[in-house]
Structure formats: C-alpha cells, structure tokens
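The next block holds one structure in the form of structure tokens; read it before the comments.
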C-alpha cells in the first residue's frame with residue numbers, strides 16, 4: 001500500500017540531500033502552515049514558539065477553523081484553537097515543537113498530533129509558573145494514543 005507520509009518525507013530528504021543533517025531532523029526549512037483566527041493571541045504565541053524552534057511558519061487567518069479541522073479529519077474531542085499542516089501530518093492545538101520534530105523524524109502511520117483544549121503551560125499558553133498536565137495525542141484510524149505526557153510540574 002502507498003504510504004504518502006513516507007513518500008513525502010523521502011522526497012523532501014532527496015531534495016535536501018543525503019550528505020549532512022536532514023531538514024526534517026532540524027526543522028529548518030520545513031514549512032508549517034497554521035490556520036487560525038486573526039484575533040487569537042495564543043495562536044500567535046504558539047507560532048512564535050515554532051519559529052523559535054527553527055520552523056518556517058506560514059499562517060492563514062480564517063474566520064472559522066472548523067472546516068479545516070473537518071477536512072483534515074481531526075476528531076472533535078481533540079479540537080483546539082488552531083490547526084496546522086506539515087509534512088503530510090495535521091497538528092492540532094498547542095503541540096510542543098520537539099514533539100513535531102519527533103513526529104517528522106519517526107514518520108509513524110498516523111494522521112497527526114493534537115493537544116486538545118488550551119492547557120495552561122503548553123506552548124503559547126504560558127501562565128507564569130502555573131502548568132496543567134496535558135497529553136499530546138496521535139490520531140488517525142479508530143484509536144487515539146498518547147504520544148507524549150507533560151505533568152503539572154514540568
């Protein structure tokens with residue numbers, strides 16, 4: 001069966017070249033497209049988190065992000081305030097940049113990653129020293145699986 005994610009990642013690596021560090025591993029030159037409300041401050045803070053981690057970020061302001069979520073198959077229980085697309089994957093909500101890098105490096109057979117809601121202390125939702133525990137979930141198919149766990153103690 002054709003695996004579009006692996007094909008896309010292999011194609012990207014071929015463009016970058018095989019003699020040196022891959023762009024996937026470093027996130028440099030990997031573009032992520034973020035769909036968000038034009039007035040959402042936490043979305044802008046998450047975008048800055050990604051840029052600080054070396055991602056090239058394009059943003060598209062939309063009046064309603066719901067159609068984007070539906071088009072990309074994000075389960076409603078995982079919805080957050082913004083949806084992004086990178087390397088054939090969907091990223092929903094305040095997913096830490098290093099988890100996105102790990103996803104691109106490992107290229108699992110999932111549709112994407114999600115941090116549902118807007119947990120305090122997640123990237124873009126910083127609230128001083130206050131942090132809520134949260135999980136990063138994989139989605140695709142019939143199952144959700146914890147990809148990373150963050151405690152309220154950091």
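Things worth noting here:
- Criterion: crowded, with 21+ Cβ neighbours inside 10 Å, part of a strand (DSSP E or B) and modelled with pLDDT of 95 or more - qualifying residue of 57, 34: 34
- Condition met for residue 120 (buried (at least 19 other Cβ atoms within 10 Å of the Cβ) and in contact with a strand residue (DSSP E or B) (Cβ under 6 Å, 6 or more places away or on another chain)): no
- Every listed requirement among (1) over 19 Å from residue 40 (Cα atoms); (2) at pLDDT 95 or above is met by residue 114 save one, (1).
- Residue in segment 78-101 that is farthest from the chain's Cα centre (by Cα), counting only those that are buried (at least 24 other Cβ atoms within 10 Å of the Cβ) and part of a loop (DSSP other than H, G, I, E, B): 80
- Taking each residue of segment 130-153 that is in a strand (DSSP E or B) and looking for partners that are loosely packed, with under 10 Cβ neighbours inside 10 Å with beta-carbon atoms closer than 6 Å, six or more apart or interchain, yields 135/146; 135/149.
- Of all residues in segment 39-54 being in contact (Cβ under 8 Å) with a residue 12 or more places away in the chain, under 23 Å from residue 119 (Cβ atoms) and not in a helix (DSSP H, G or I), the one that is nearest to the chain's Cα centre (by Cα): 53
- Subset of segment 102-119 [touching a helix residue (DSSP H, G or I) at 6+ places or on another chain (Cβ under 7 Å) and assigned to a helix (DSSP H, G or I)]: 104, 105
- Out of 73, 124, 88, sole residue that is closer than 25 Å to residue 152 by Cβ and modelled with pLDDT of 95 or more: 124
The values are calculated or read from the model by the stated rules, or taken from the named source; none is laboratory data. The model shown is predicted, which means the values in this text are computed figures rather than measured ones. A quick note on method: Cβ atoms are made from the backbone with ideal geometry, for glycine too, and the neighbour counts reach across all protein chains shown.
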